[in-house]
1. Take Ile153 and Ala106, extend 7 Å from each Cα along the Cα→Cβ direction, and tell me the distance between the two endpoints in nm.
2. Just to confirm the number: angle between the C-alpha axis of helix 65-84 and the first principal axis of the chain, 0 to 90 degrees, nearest 10?
3. For n ≥ 4 DSSP H runs only, could you compute -39500 (n - 2.57) per run for the chain, divide by its residues and tell me the 222 nm figure to the nearest 500?
4. Placing +1 on the Cβ of each Lys and Arg and -1 on the Cβ of each Asp and Glu in the chain, which of Val135, Ile123, Leu104 has its Cα farthest towards the positive end of the resulting dipole?
5. Ignoring ligands, DNA and RNA, please state the percent of accessible area on segment 1-156 from carbon and sulfur, probe 1.4 Å.
6. Considering all projection directions equally, how large on average is the shadow of the alpha-carbon convex hull of segment 29-89, in square nanometres?
7. Do any trypsin sites (Lys or Arg not before Pro) in segment 58-126 lie in a loop, going by DSSP, with at most 15 other beta-carbon atoms within 10 Å of their beta carbon, and if so which?
8. Given a 1.4 angstrom probe, what's the average accessible area per residue across segment 23-89, in square angstrom?
Amino acid sequence: MSAPPTRLRLLERSALAGVLKHETTLYKRYWRSTTFSSVVEPTIYLLAFGAGFGSLIGTIAGYRYVDFLGTGVVATAVLFSSAFAGMFQTFIRRSYQHTYDALLAAPIDVHEVVIAEALWIAIRAGAYGCAPLLVAMAFGLDPAPGMVLVPLIGVLTG
């Protein structure tokens, strides 16, 4: 009776890289639509609430309304870009497209697929947090040194 083969590491870099390569290959097909929506949606919010409703509100406790609204739009963009990918795309790929079945046919374990998918969603959320930040700055949000941390915070929260 022989022992089952042991794995070298808990997570293999090649397995994670393979799943991430799969995700980037798919992303090349639909990047225009998701990027368009990540820029247009905050622009509409900032036009409606910032320029429209915000013109009725001056400053509150020394803060302009665009300061409050701009940071909220950035946080919302990170939340929605990661939640949509984490729920809807994962469900479609598992139930209808059977993408995960195909990935698991390769020498990749379930936990590697899950970690790589979560990493990809987090990277996208960090990148999509930058688009509404730039739009908010165009609408008058003052640049601050902490804004360089938006992609990192987007990755961690995404």
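1. A separation of 3.5 nm, rounded to one decimal place.
2. Helix 65-84 sits roughly 20 degrees off the main axis of the chain.
3. Details: 7 runs with 101 residues, N = 158.
Only helices count here, giving -21000 deg cm²/dmol.
4. Leu104
5. On the way: 7230 of 9970 Å².
Result for segment 1-156: 73 percent of the exposed heavy-atom area is carbon or sulfur.
6. On the way: hull surface 18.7 nm².
So the mean shadow area of the Cα hull is 4.7 nm².
7. On the way: sites: Arg64, Arg93, Arg94, Arg124; in loops: none.
The qualifying sites: there are none.
8. Details: 4260 Å² over 67 residues.
Ligands and nucleic acids excluded, the figure is 64 Å² per residue.
The values are calculated or read from the model by the stated rules, or taken from the named source; none is laboratory data. If you're wondering where the values come from, they're calculated on a predicted model, not measured in any experiment. Because the Cβ atoms are built from the backbone with ideal geometry, glycine has one as well, and the counts that use them run over all protein chains shown. Quick note on the areas: whole protein, heavy atoms, side chains included, nothing else; ligands and nucleic acids left out. Shrake-Rupley method; radii C 1.70, N 1.55, O 1.52, S 1.80 Å.
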